[in-house]
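Asker: Okay, here's the structure, questions in a sec.
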Amino acid sequence: MSQTLSVSSLNNQIKSLLETTFLHVSVEGEVSRPTYHSSGHLYFTLKDADSSISCVMFKGNTKALKFQVEEGMAVVVYGSISVFSPRGTYQINCTMMEPSGSGALAKAYEQLKVKLGAKGYFEAERKKPLPRFINHIALVTSGTGAALQDMLRVATKRWPLVKITLLDTLVQGEGAKFSIAANVARADALGADVIIVGRGGGSVEDLWAFNEEIVADAIFTCKTPIVSAVGHEIDYVISDFVADLRAPTPSAAIEMILPDSVEMLQRIDGLMEHYTLVFGRILRSKEESLTHLSRLFAKRSIDEKLSLWKNEIGILQSQYNDKIALLYREKSRHVTLLQEQISFQTRQNIATKEQLLSSYTIALHSKEPTREQKECYARIVKGGKKIALEKIEEGELFELQTPHTILKAKALEKKAL
């Protein structure tokens, strides 16, 4: 006859058996009645067509989820079976969860996109126009990334007069979303004409910080126009949809917002040529009008005719000179600004090189031996030639030479250390 067990004993044996047998399980099913508790824990039921099982995911694991668990969602959970002996019930203690058939990141991306779209974050009406002429750019990106160097190179080539302020930002990994959001707010307070938020290419995980809701909120509330320039042309992140303008790459963002200085000067030259032709035609037209007037006033004295012509030509010549002088001043001002910028950058480069030279000189002097150290040095000479100590063999004669003394010596014994 089998042993009679108490309820507690039976439940404890069941607990031991189940928890050791089902230590690592993965179960697929449909989420039912998901509840996010105030403690941070997530409680839900996982079911299929015939059965259901209770599940719990504790706070630490719940926070790691990239998506919101919703009613009816098909998922795969990973964890272990835990038994509550006093009631004889069991559940899955979930350590990880992912949507069935698609990745967690893809699900989180679509969920956030729908949520922000419903809040009006992507509406074209709220997009802020960029200024026509940009004098100050705030860059929210990594200070050590290749994207920064690409943007600076393009900016220097296209429009060296522009002022660029870098807000060194963590753009990948833990804490990146907080760093990006905080620096967007700081950039907004700088009074820049435009903010560029971006980084170079990478995997979906590398770019994920730009898909976070806190970053979308920071961009949406920003008063300064924002350009999102993340990854490569094929990469689309949430910040692209919220920003006022999306650029396919960081360097393309600079090309999109800054004019080309060479093209600008060529345009000014073209305008001067155009207005020279226009005013020339006007002058010829006025001369023809004067000829016509001269016929009308043929009966007037020659002096009156000459005076009238001189006045008309003088007025036209004055108008022509004023227009040409205005165009010349505008072109000269642009050229002067370019010269000042180039001169300033040259002086900065020279100062930087001088500081580096000074640092290297100080470091070099620090490596030189002191006078006391030099007096302790002796040169080893054999047969009139300098030789390393390791080359001296037992019984050989050699000299020790200092600046003031020559000492003849003989190797009595040689030992390796």
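The values are calculated or read from the model by the stated rules, or taken from the named source; none is laboratory data. Bear in mind the structure is a predicted one, so any value in this text is a computation, not a measurement. For neighbour counting, all protein chains shown are included, and Cβ atoms are generated from backbone atoms with ideal geometry for every residue, glycine included.
Asker: Please work out which residue is surrounded by the most Cβ atoms within 10 Å (Cβ to Cβ), limiting yourself to segment 102-122 and to residues that are under 25 Å from Val27 (Cβ atoms) and hydrophobic (A, V, I, L, M, F, W, C).
Answerer: So the residue we want is Ala108.
Asker: Tell me the helices (runs of 4 or more DSSP H) entirely within segment 193-311 that contain at least 2 residues that are basic (Lys, Arg). First the steps, then the outcome.
Answerer: Details: elements: 213-221, 238-242, 250-257, 261-296.
Hits in segment 193-311: 261-296.
Asker: With respect to Ser32, is the statement that it is of a type in the set (Gly, Ala, Ser), touching a Phe, Trp or Tyr at 6+ places or on another chain (Cβ under 7 Å) and not assigned by TED's automatic domain parsing to the domain that holds Ala243 true? It would help to see each step written out before you state the result.
Answerer: Numbers: of a type in the set (Gly, Ala, Ser): yes; touching a Phe, Trp or Tyr at 6+ places or on another chain (Cβ under 7 Å): yes; not assigned by TED's automatic domain parsing to the domain that holds Ala243: yes.
For Ser32, the condition - of a type in the set (Gly, Ala, Ser), touching a Phe, Trp or Tyr at 6+ places or on another chain (Cβ under 7 Å) and not assigned by TED's automatic domain parsing to the domain that holds Ala243 - is met.
Asker: Which of the following residues is assigned to a loop (DSSP other than H, G, I, E, B), aromatic (Phe, Trp, Tyr) and either at pLDDT 95 or above or under 30 Å from the mean Cα position of the chain (by Cα) (or both): Tyr109, Tyr121? It would help to see each step written out before you state the result.
Answerer: Numbers: Tyr109 fails: assigned to a loop (DSSP other than H, G, I, E, B).
The unique qualifying residue is Tyr121.
Asker: Inside segment 85-101, can you point out the residues that are surrounded by fewer than 18 Cβ atoms within 10 Å (Cβ to Cβ) and without any contact (Cβ under 8 Å) to a residue 24 or more places away in the chain?
Answerer: Within segment 85-101, just Arg87 meets the criteria.
Asker: Any idea which of (1) more than 25 Å from Asn211 (Cα to Cα); (2) surrounded by 12 or more Cβ atoms within 10 Å (Cβ to Cβ); (3) touching a strand residue (DSSP E or B) at 6+ places or on another chain (Cβ under 9 Å) is the one Thr62 doesn't satisfy?
Answerer: All conditions are met except number (1).
Asker: For segment 124-168, which positions are closer than 29 Å to Leu265 by Cα, within 18 Å of the chain's Cα centre (by Cα) and not hydrophobic (A, V, I, L, M, F, W, C)?
Answerer: His136, Gln149, Asp150, Arg153, Thr156, Lys163, Thr165
Asker: Given Ser203, Ser228, which one is surrounded by 16 or more Cβ atoms within 10 Å (Cβ to Cβ), of a type in the set (Ser, Thr, Tyr) and under 24 Å from Gln68 (Cβ atoms)? Let's see the steps before the verdict.
Answerer: Working: Ser203 fails: surrounded by 16 or more Cβ atoms within 10 Å (Cβ to Cβ).
Matching residue, one of Ser203, Ser228: Ser228.
Asker: In this structure, does Gly40 turn out to be on the phi > 0 side of the Ramachandran plot and at pLDDT below 95? Steps first, answer last, please.
Answerer: Details: on the phi > 0 side of the Ramachandran plot: yes; at pLDDT below 95: yes.
In short, yes.
Asker: When the residues of segment 63-88 are narrowed to those that are in a strand (DSSP E or B) and among the small types (Gly, Ala, Ser), which ends up nearest to Ala108 (Cα to Cα)? Reasoning before the result, please.
Answerer: Taking segment 63-88 first, the residues in a strand (DSSP E or B) are 74-84.
Adding the requirement that they be among the small types (Gly, Ala, Ser) leaves 74, 79-80, 82.
On the way: Ala74: 14, Gly79: 21, Ser80: 25, Ser82: 29 Å.
The residue in question is Ala74.
Asker: Does segment 273-292 contain any residue that is of a type in the set (A, V, I, L, M) and more than 30 Å from Ile313 (Cβ to Cβ)? Lay out the reasoning, then the answer.
Answerer: We begin by selecting, within segment 273-292, every residue of a type in the set (A, V, I, L, M); these are 277-278, 282-283, 290.
With the extra rule that they be more than 30 Å from Ile313 (Cβ to Cβ), the set shrinks to none.
Within segment 273-292, none of the residues are of a type in the set (A, V, I, L, M) and more than 30 Å from Ile313 (Cβ to Cβ).
Asker: Name the single residue, out of those in segment 231-254 being at pLDDT below 95 and among the acidic types (Asp, Glu), that is surrounded by the fewest Cβ atoms within 10 Å (Cβ to Cβ).
Answerer: Ranking the qualifying residues of segment 231-254, first place goes to Glu233.
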